[in-house]
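What follows is a short report on a single structure.
The values are calculated or read from the model by the stated rules, or taken from the named source; none is laboratory data. The structure displayed is predicted, hence computed values, not measured ones. Note that each Cβ is placed from the backbone with ideal geometry, even for glycine, and that neighbours are counted across all protein chains shown.
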Amino acid sequence: MTLFTARTFSELHKQPLTLTCHHCGAVYSRPKLEPDQWTQCVRCNSVLETYAAFTPSAWLAIILTAFISLIFANIYPVATLYLQGQGQAATFFDAVSVVWREGYQEVAFITFAAGFLLPVIHLCLLFMVLLPLSLGRLPFYFEWAIKMIDHLKPWCMVPVFLVGILVSVVKLIGLASLVVGVGLFATACAAIFITSFGRLDEHRLRLMALDLGVPAQLPSIPKPPSPARIRQVWAFVIAAVILYIPANLLPIMQITSFGGTSAHTIVGGVIELFQMGSWDIALVVFVASVMVPVFKLVALSVLLALTQFGAMHGLRRRTQIYRVVEFIGQWSMLDVFVVILLSALGQFGALLRIEPGTGAIAFGAVVILTMLAALSFDPRLAWRRAGYRRYISS
Ligand SMILES: [Zn+2]
């Protein structure tokens, strides 16, 4: 692999195409990339562009396959639980409707949106953009659609739902016999494809159109970051910290069986998994549900405070930390999905009944607030406050 460093602002006037680093605000002229090459910001080390190996037609084929996988993932049960001769199968929609009927409409709505509705809209938008591009045309809604694709991307959580199924399966193995269904394999396929669409952002789609000779708008140089964002991010962080307390103290689910009713908190669930001998799954849940939200809240608070005081040191390290916060954003949703699936599968009347608890609502709200905080934070502000302007001079 070859590292290809972008050229600087002084050369901008010779080449109209620019690449802007969204992490520090530096602007470069765009060099032509060969296979296995990428451009990287010399100021903060963020990757600006990688060589595009797939054409719009190739992406269209992948999108259609993802559509089919997503349909199968929702029609067929992800698993069937057997208890004393009775079987209980659960599809994704069963899980959502059970939680809705139990009175947790907010949790049901978040799951339906993140696990189905938004991924479907995301796929439709990609299809609507890539089909005309593959025919060499620019659709009239191109600008609107590529911006929407960027807004929707962080909220499509099919990969998190997949890990949620795996955790639920391990939790239930101790309670009753369980058979995994076609839905699980289809979810796995959909999750892999949807992860690959992470590369197709506004920037990549615009460059793809321009490379094909389609008359799309040239990449514009973004406006300077607004300092008002700092207060907005603080508001999200503080609200998340407050809700994190009931999210951990209140039970996220209740299990009723012959042995009586037991309430389970997030940490209690991790300990239980560990005692069952599934230390690897316990570790996954501990990282996703405890470490990730705490890390996000602490990291965002430190990044915000340093930006507010215009700290000059560690700008590259701070940008790296922000990239990690951005990347891990949706994974804390794991425990909410696990609770929902367990509630759908554990419906055996007096024998066994699993219900969501109020802690699940608080925890879902914490995840959404931390994601909004991370998305509202503009890392360019840290560089600007430290005296770095938009352009790198040669
Ligand atoms: Zn940069």
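For the stretch 32-46, the condition holds for at least one residue, the condition being that it is within 11 Å of the ligand (Cβ to nearest atom), more than 25 Å from the chain's Cα centre (by Cα) and either surrounded by fewer than 18 Cβ atoms within 10 Å (Cβ to Cβ) or not assigned by TED's automatic domain parsing to the domain that holds Leu345 (or both). Evaluation of Leu70 against the conditions (1) outside any helix (DSSP H, G or I); (2) in contact (Cβ under 8 Å) with a residue 60 or more places away in the chain; (3) closer than 23 Å to Ser168 by Cα shows that the sole unmet condition is (1).
In the stretch 203-247, the qualifying residues are those that are part of a helix (DSSP H, G or I) and basic (Lys, Arg), and the one that is surrounded by the most Cβ atoms within 10 Å (Cβ to Cβ) is Arg206.
Listed here are the residues, each with its yes/no results for (1) surrounded by fewer than 16 Cβ atoms within 10 Å (Cβ to Cβ); (2) at pLDDT 90 or above.
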site	(1), (2)
Leu249	yes, yes
Val287	no, no
Phe295	no, yes
Val298	yes, yes
Leu304	no, yes
Gly310	yes, no
Val325	no, yes
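Checked against the criterion of being closer than 27 Å to Gly115 by Cβ and part of a helix (DSSP H, G or I), the candidates Ile354, Ile321, Ile368 yield just one match: Ile368. Could you check the stretch 248-277 and list, in sequence order, the residues that are of a type in the set (A, V, I, L, M, F, W, C) and outside any helix (DSSP H, G or I)? Within the stretch 248-277, Leu250, Ile252, Met253, Ile255, Phe258, Ala263, Met276 qualify.
Pairing residues of the stretch 44-66 that are assigned to a loop (DSSP other than H, G, I, E, B) with residues that are hydroxyl-bearing (Ser, Thr, Tyr), at Cβ distances under 8 Å and at least 6 apart in sequence or on separate chains, gives Cys44/Thr319; Asn45/Thr319; Ser46/Thr319; Thr55/Ser134.
Scanning the stretch 257-285 for residues that are buried (at least 16 other Cβ atoms within 10 Å of the Cβ) and of a type in the set (Gly, Ala, Ser) yields a total of 4. Residue check: Val78 meets all listed conditions (1) under 30 Å from His23 (Cβ atoms); (2) of a type in the set (A, V, I, L, M); (3) surrounded by 14 or more Cβ atoms within 10 Å (Cβ to Cβ); (4) more than 16 Å from the ligand (Cβ to nearest atom) but one, namely (1). Residues in the stretch 26-45 that are within 15 Å of Pro379 (Cβ to Cβ) and touching a Ser or Thr at 6+ places or on another chain (Cβ under 7 Å): Cys44 only. Here are some residues: Ala239, Ala247. Which one is over 30 Å from Glu143 (Cβ atoms) and touching a Leu at 6+ places or on another chain (Cβ under 6 Å)? Just a single option satisfies the conditions, and that option is Ala239.
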